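The structure appears right after this line, and notes come after that.
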């Protein structure tokens, strides 16, 4: 979430910034949804039901961690895109800059 807080308004339609916005929304969705135990489970203290409840909680936590890690990796790729883009724009002829920007966009597109 912190990585997407300083998006420039003018470049919001560029590929890297679109990826950052999409992943910000995905992170917000992940934070909004909470763990909900299955309705079929009856947790009265039986060891088997307690074990199944713990398995369900661990599975939910594992899935959430995996989703969060994928979001993190996509944000990191977009931040690398942003850094490479800023470095490419600094110097060179227009044709060279355009070619480098295409390569950077292609790299971002094929990472995720």
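The values are calculated or read from the model by the stated rules, or taken from the named source; none is laboratory data. Being a predicted model, the structure only gives us computed values, none of them experimental. FYI the Cβ positions are ideal-geometry reconstructions off the backbone, even for glycines, and counts take in every protein chain you see.
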Check your understanding: Does residue 22 fit the bill of being assigned to a helix (DSSP H, G or I), touching a helix residue (DSSP H, G or I) at 6+ places or on another chain (Cβ under 9 Å) and modelled with pLDDT under 85?
Key -> no
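Tell me which residues, restricted to region 81-96, are touching a residue at least 12 places away in the same chain (Cβ under 8 Å) and surrounded by fewer than 17 Cβ atoms within 10 Å (Cβ to Cβ).
Listed by number, the list holds a single entry, 89.
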**Study point:** Looking only at region 25-48, and only at residues there that are in a helix (DSSP H, G or I) and either modelled with pLDDT of 85 or more or under 11 Å from the mean Cα position of the chain (by Cα) (or both), the one that is surrounded by the fewest Cβ atoms within 10 Å (Cβ to Cβ)
**Key:** 32
